[in-house]
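K.L.:
Handing you this structure, nothing more for now.
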Amino acid sequence: MENCIFCKIAAGIIPSSKVFEDDRVFAFRDIHPQAPTHVLIIPKKHYADLAELDLRDQQLMGYLLHVAVKLARGEAIEQKGYRVAINCGPEGGQMVQHIHLHLLGGRELTGELG
Ligand code: 5GP
Ligand code: ZN
């Protein structure tokens, strides 16, 4: 996607603090971290939001979750706990129109989700 900031990050055109990359996935630290660990995990393929997914994408989305759990282990937050979140649409708080998982941890997160 030409004007997508996260596509550009995954392609290395915009620099980021990368924590993981393979053929399907790119993970990097959020520029405005909301917790000591705040990593964004994205598919390299562009999807604007959850609504663009169909059943054929279930394996990819499962894989993104698998990567999130693996990174939580690497960040040493697995034991104490963490949160994985996906925002969708304006009222869901989605600012960047490229699907991304937030991996948050390293502090006690509030019980509130919104
Ligand atoms: P959203 O609100 O769409 O769920 O989350 C977008 C996230 O992307 C925000 O937490 C924001 O700080 C992060 N972000 C936006 N632009 C950039 C950027 O250029 N680099 C990085 N590393 N994070 C970004
Ligand atoms: Zn994109």
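K.L.:
Using the heavy atoms of the protein chains and a 1.4 angstrom probe, tell me the accessible area per residue for the stretch 5-105 in square angstrom. The partial results should precede the final answer.
P.N.:
Details: 5800 Å² over 101 residues.
In whole numbers, the stretch 5-105 has 57 Å² accessible per residue.
K.L.:
Enumerate the calculated ³J(HN,Hα) couplings along the stretch 15-30 in order (Karplus 6.51 cos²θ - 1.76 cosθ + 1.60, θ = phi - 60°), each rounded to whole Hz, writing x wherever the residue is Gly or Pro.
P.N.:
x, 8, 8, 6, 10, 6, 7, 9, 5, 10, 10, 9, 10, 8, 7, 5
K.L.:
Between E112 and F20, what FRET efficiency comes out of the Förster formula 1/(1 + (r/R0)^6) with R0 = 35 Å and r the beta carbon distance, rounded to 0.05?
P.N.:
On the way: r = 29 Å, r/R0 = 0.82.
So, using R0 = 35 Å, E works out to roughly 0.75.
K.L.:
Identify unpaired cysteines across the chain, taking unpaired to mean no other cysteine Cβ lies under 4.7 Å from the residue's Cβ.
P.N.:
Result for the chain is C88, no neighbouring Cys Cβ within the cutoff.
K.L.:
Considering only protein heavy atoms, what is the solvent-accessible area of T110 at a probe of 1.4 Å, reported in Å² to the nearest 10?
P.N.:
Taking all protein chains as shown, T110 has close to 80 Å².
K.L.:
Calculate, in whole percent, how much of the Cα-Cα pair population of the chain lies beyond 20 Å.
P.N.:
Numbers: 2493 of 6441 pairs.
Summing the P(r) tail past 20 Å for the chain gives 39 percent.
K.L.:
Placing +1 at every Lys and Arg Cβ and -1 at every Asp and Glu Cβ, with all other atoms neutral, what dipole size does the stretch 1-71 have around its Cα centre, in debye to the nearest 20? Don't jump to the answer; show the numbers that get you there.
P.N.:
Details: 8 positive and 9 negative charges, 48 e Å.
Dipole magnitude for the stretch 1-71 comes out near 240 debye.
K.L.:
From the helices alone, meaning DSSP H stretches of at least four residues, give me the mean residue ellipticity at 222 nm for the chain, per-run term -39500 (n - 2.57), in deg cm²/dmol to the nearest 500. Write down the numbers at each step before the final one.
P.N.:
Values: 2 runs with 23 residues, N = 114.
Theoretical 222 nm ellipticity from helices: -6000 deg cm²/dmol.
The values are calculated or read from the model by the stated rules, or taken from the named source; none is laboratory data. Every value quoted in this text rests on a predicted model; they were computed, and no experiment measured them. Because the Cβ atoms are built from the backbone with ideal geometry, glycine has one as well, and the counts that use them run over all protein chains shown. SASA here: full protein model, heavy atoms, side chains in, ligands and nucleic acids out. Shrake-Rupley method; radii C 1.70, N 1.55, O 1.52, S 1.80 Å.
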